[in-house]
Every structure is written in structure tokens, then in C-alpha cells.
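What follows is a set of notes on a single structure, which appears directly below.
Just so it is clear, none of the values below were taken in a lab; they were calculated from the coordinates. In this text, all values refer to a predicted model and were calculated from it rather than measured experimentally. Here the Cβ is made from the backbone with ideal geometry for all residues, glycine too, and neighbour counts use every protein chain on show.
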Amino acid sequence: MNQQQRDTIERIKQHADRKIWITFRKEGIHKYPAAATDPALATGDEYDVSFLGVPHRHIFHFRVWIDVFHNDRDIEFIQFKRWLENLYAGGTLELNFKSCEMIADDLYIQIAGRYPDRAVWIEVAEDGENGALIKYETSRPSQNIVI
């Protein structure tokens, strides 16, 4: 590898988008009240999801990515995970009757308060099967890389 290639690799490393991610699970009960009466949802056929209008249980699966600014444990995985889990265990956040997207928004507010000006991506899935991914990007200007 010549010096120009090494320099290029070093520039790319310095400007890399760095994120860590953690996962955790939380049991919860929720419902989608409109499903019981909305004709587009309570269809009476094979696409009927009116049962979602009553409280039902899920294991919500979370995956949370957050910006880090250097490689040496800017945010320590285990501490970050425990803090997020404790937001639910301690009653700061509740699942209630919220959609996956609403749950992600609530979680983001807590993360942004503790770790401001960092991009955060939050994935929330019901039973690890269906879910949502929301990418909360910062206004930090991206650094253009010239190769």
C-alpha cells in the first residue's frame, strides 16, 4: 500500500459515522382502539384486525443506535443498556397503549436529554416480528470526504 492509499484510509477513518447499539426487551400491554370500529381495520374478512382494539400482550424488542465520537467507549454499552431498561423499570417511561412509533418517540426524548446533539436510531418491534425504525438525525453538518 502506498502513502496516498494510507492517507485516504486514514481520512475515511477520521470522518466515519460511528454508532454503538444495544438491545433489550420489555413486556407490555397495549391496544389500538380504532381497530375495533374503523371499517378499514374491522373488515370482517381475512384482513380483519379488530382484535387489536382490546388490550393484548407483547414482548417489545428494542434496538437503539447512538452516535459516538471516538472509539474508546464514548458511551459504554452495558451502562447505556441498563439506563434504558431502568427508564421502564423505574416508571419514567411506560408502554401503555402506544404504537411502536410512539414508544420510540418517548424513548428518544429521554436519550436526547441525556446525550444531546447525537443522532439516535430506535427500532421497536412487537415480539421481534413487526415494528418500526425511526432515525432521529442531528443538524450537525456532515463532513464531506474527498478521495
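General observations
- With the simple model of a label 7 Å out from the Cα in the direction of the Cβ, Asp38 to Ala112 spans 2.5 nm.
- At an R0 of 35 angstrom, the distance between the Cβ atoms of Ile134 and Asp7 translates into a FRET efficiency of 0.40.
- Ordered from longest to shortest, the equivalent ellipsoid semi-axes for the chain are 39, 19, 13 Å, each the square root of 5 times a Cα gyration tensor eigenvalue.
- Note on Val49 and Asp74: their simple-model spin labels are 3.6 nm apart, each label 7 Å out from Cα toward Cβ.
- Here the Gaussian network model covers the chain, with springs between Cα atoms less than 10 Å apart; of Asp72, Asp45, Asp105, Asp45 fluctuates the most.
- Net charge contributed by nearby residues that have their C-beta within less than 15 Å of His58 (K/R +1, D/E -1): -2
- For the range 3-136, size of Cβ-based charge dipole, Lys and Arg +1, Asp and Glu -1, in debye: 660 debye
- The residues Tyr115, Tyr32, when put in order of fewest to most other Cβ atoms within 10 Å, stand as Tyr115, Tyr32.
- J(HN,Hα) series, the range 52-61, from Karplus relation 6.51 cos²θ - 1.76 cosθ + 1.60, nearest Hz, glycine and proline x: 6, x, 10, x, 8, 8, 9, 9, 7, 9
- Using a Gaussian network model of the chain in which every pair of alpha carbons under 10 angstrom is joined by a spring, one finds that among Glu137, Glu126, Glu46 the greatest mean-square fluctuation is at Glu46.
- Positive contributions from Lys and Arg (+1) and negative ones from Asp and Glu (-1), summed over other residues with Cβ under 14 Å from the Cβ of Gln14, come out at +1.
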